[in-house]
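Read through the structure below, which is laid out as structure tokens, and then see the notes.
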Amino acid sequence: IINFEIWFSHKVLNMGRNRSAYWPVHYTSTVHDADKIYAGVDTCPGLSKGCYIQGKGTIYIGDYTQIGPQVVIVSANHDPYDSRKHLPEPVKIGKYCWLGAGCKIMPGVELGDWTIVAAGAVVTKSFPEGYCVIG
């Protein structure tokens, strides 16, 4: 639910940060390349405190996915031979997923519908079939 406090913190307290996101973002969260992030119905990447969402390689997040605080979603890594370049890989997260506090979703990962990622987990491999708990 978007209330006045959330709207105010997104549009006023952020002082220009994260304004390119079409969904509300907590003022302690950071969203890069919001134009390459596609969030489904009732999904707000970065609405929880302290999230880092980097959409350089495109991120797709399904409907009703819940994202906890301090979650990191990265869609591009540095080139190991030239740190000035990025290697973009899309991240796909299905519908009705739950990303626990402090988990990290790395580039190229695909999570199917109804996937739960435990708090603090670092996800480097895909689980496209979904219906699983990753820890």
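Structural remarks
- Criterion applied to GLY62, GLY50 was being under 21 Å from ASN18 (Cα atoms) and touching a residue at least 40 places away in the same chain (Cβ under 8 Å), and the one residue passing it is GLY62.
- Single unsatisfied condition, LYS56 versus (1) in contact with a Ser or Thr (Cβ under 6 Å, 6 or more places away or on another chain); (2) over 30 Å from GLU5 (Cα atoms): (2)
- Taking the criterion of being open to solvent by 30 Å² or more (accessible area, probe 1.4 Å) and part of a loop (DSSP other than H, G, I, E, B), the residues of region 30-43 that qualify are ASP33, VAL41, ASP42.
- Among the residues of this structure, PRO90 does not count as one that is touching a residue at least 40 places away in the same chain (Cβ under 8 Å) and either closer than 21 Å to GLY55 by Cβ or not hydrophobic (A, V, I, L, M, F, W, C) (or both).
- The residues on offer are GLY102, GLY50, GLY57, and the sole one that is touching a strand residue (DSSP E or B) at 6+ places or on another chain (Cβ under 7 Å), among the small types (Gly, Ala, Ser) and closer than 23 Å to ILE134 by Cβ is GLY57.
The values are calculated or read from the model by the stated rules, or taken from the named source; none is laboratory data. If you're wondering where the values come from, they're calculated on a predicted model, not measured in any experiment. All Cβ positions, even for glycine, are placed from backbone atoms using ideal geometry, and neighbour counts span all protein chains on display. Calculation scope for accessible area: heavy atoms of the full protein, side chains included, ligands and nucleic acids excluded. Shrake-Rupley method; radii C 1.70, N 1.55, O 1.52, S 1.80 Å.
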